[in-house]
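First up is the structure itself, then whatever we jot down about it.
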Amino acid sequence: MTLPLSRSLITLLLAAASFGSTAEEKVLNLYSARHYQTDEALYSGFTRQSGITVRRIEGKEDELIERIRNEGANSPADVLLTVDAARLAEAHEMGLFAAVRSPLLEARIPAHLRTSDWFSFSIRARVIIYARGAVNPDELRNYSDLANPRLKGKVCSRSGSHPYNLSLMASIIAHQGEAKAEEWARGVVANFARPPKGGDTDQIRAVAAGECAVALTNTYYLARMMRSDKPEDRKTIDRIAVVWPDQQGNGAHINVSGGGVVKTAPHRQAAVSFLEYLASDEAQRYFADGNNEWPVVAGVKVSNPALEALGKFKADSLPVGSLAMYRAKAQVIFDRTGYR
Ligand code: FE
């Protein structure tokens with residue numbers, strides 16, 4: 001049995017249903033693949049400043065991109081925030097982002113760290129670590145040294161298929177060409193202490209435990225451990241040393257976390273405001289102090305003892321958008337050389 005609805009009630013219901021998509025609504029739908037608890041401060045900071053509520057959907061990087069693609073024109077996503085330049089470039093190639101012209105973003109974010117539709121908001125570097133006493137530091141200054149036969153049986157690595165290694169490889173291809181890059185990969189594989197496994201933190205622990213002498217890691221994993229109170233983390237950090245690679249050459253390979261406005265964003269204005277907020281001094285400090293990443297905006301004062309201890313470094317100035325160009329080639333080379 002159904003009850004007849006009065007015309008006015010139907011009108012009311014329709015009005016309520018369409019309210020969800022009016023321009024007045026103070027909501028932002030954020031799809032975020034940043035897996036860091038400390039990001040909470042970013043969202044509450046934005047809400048405090050703008051009055052816009054952030055509705056967050058978290059997921060794995062590739063899942064979120066796939067989800068936006070599947071949702072198509074009906075996607076509620078306003079902003080996609082993720083890590084790794086190659087993934088951001090992939091979203092761009094799929095046409096998921098809307099072009100954004102923002103004088104504020106253009107003024108605050110250096111040109112090599114932004115594109116026409118996605119922007120970097122924080123920087124992480126890929127550094128070499130080694131076990132103190134196990135390696136002569138004079139023989140370990142550059143990424144190329146990881147392929148030196150002197151390190152035979154001493155190198156630990158995570159999978160070559162992981163975006164962090166693919167992006168590093170992409171930068172090597174960009175600077176030195178495919179042939180040299182392949183030679184390098186072959187040399188590193190010949191030096192493996194064990195087949196690639198685990199994440200960056202696992203490589204740090206393996207070096208400290210003596211399973212290998214040398215590895216690569218993103219700086220924020222290192223910094224997180226440097227700031228940890230756990231006795232086992234303290235021991236790990238005491239046993240290792242950090243090398244800023246390629247300081248006389250192209251500089252250390254950097255990767256970014258960043259995002260863009262989704263093409264079909266129901267709240268486009270709020271989405272642009274959110275990106276602009278992420279480039280504010282306050283948000284830039286959250287990236288640095290919360291997740292141990294470097295700000296992209298010059299001159300932002302951070303107070304992070306681990307970042308201070310890591311010190312100043314020369315960063316590779318390769319435009320982040322170009323890393324994606326060589327990503328497929330990087331994978332082919334890793335496959336061919338057995339860097340799995
Ligand atoms: Fe990570």
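Here, each number is a calculation from the coordinates, and none is a lab measurement. These numbers were taken from a predicted model, which means no experiment stands behind them. Neighbour counts are summed over all protein chains in view; Cβ atoms, including those assigned to glycine, are modelled from backbone coordinates with ideal geometry.
Summary table
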| quantity | calculated |
| --- | --- |
| Electrostatic dipole magnitude of the chain [Cβ: Lys, Arg +1; Asp, Glu -1; Cα centre; debye, to 20] | 480 debye |
| Percentage relative contact order, the stretch 268-340, counting C-alpha pairs under 8 Å, at least six apart | 17 percent |
| Simple label model, 7 Å out from Cα along Cβ direction - Ala134 to Val27, nm | 5.2 nm |
| Shape of the stretch 96-188, Cα gyration tensor, a/c cut at 1.5 | prolate |
| Nitroxide proxy distance, nm - points 7 Å out along Cα→Cβ at Ser322 and Gln248 | 2.4 nm |
| Most positive-pole-ward Cα, Ala41, Ala252, Leu275, against dipole of the chain from beta carbon charges | Ala252 |
| Within the stretch 136-159, backbone nitrogen closer than 15 Å to the virtual label 7 Å beyond the Cα of Asp238 toward Cβ | none |
| For Val300, net neighbour charge (Lys/Arg +1, Asp/Glu -1) across residues whose Cβ lies under 13 Å away | -1 |
| Bins of 10 Å from zero: percent of alpha-carbon pairs in the stretch 15-174 | 8, 28, 31, 17, 11, 4, 1, 0 |
| Cα-centre dipole for the stretch 154-298 with unit charges at Cβ (Lys and Arg positive, Asp and Glu negative), debye to 20 | 380 debye |
| Unit charges at the beta carbon, dipole of the chain: most positive-side option, Trp294, Ala306, Asn136 | Asn136 |
| Mean Cβ neighbour count within 10 Å, used as a protection proxy, ranking 206-214, 100-108 highest first | 206-214, 100-108 |
| Per residue, the convex hull volume that the Cα atoms of the chain enclose (Å³) | 168 Å³ |
| Built amide H within the under 5 Å cut-off of Gln247, gap 5+ | none |
| Magnitude of the charge dipole, the stretch 146-215, Cβ model with Lys/Arg +1 and Asp/Glu -1, debye to 20 | 240 debye |
| Likely footprinting exposure, Arg55, Arg48, Arg141, Arg158, fewest C-beta neighbours within 10 Å first | Arg48, Arg55, Arg141, Arg158 |
| Rel. contact order, % - alpha carbon contacts under 8 angstrom, at least six apart, the stretch 192-340 | 23 percent |
| Segment Ala99-His175, length gained on full extension (0.36 nm per residue, minus Cα span) | 24.5 nm |
| Size of the stretch 173-249 as Cα extents on the principal axes (Å, biggest first) | 45, 28, 18 |
| Two-site FRET efficiency, Arg336 against Lys152, from Cβ-Cβ distance with R₀ of 25 Å, rounded to 0.05 | 0.75 |
| Relative contact order of the chain, defined on C-alpha pairs under 8 angstrom at six or more residues apart (%) | 29 percent |
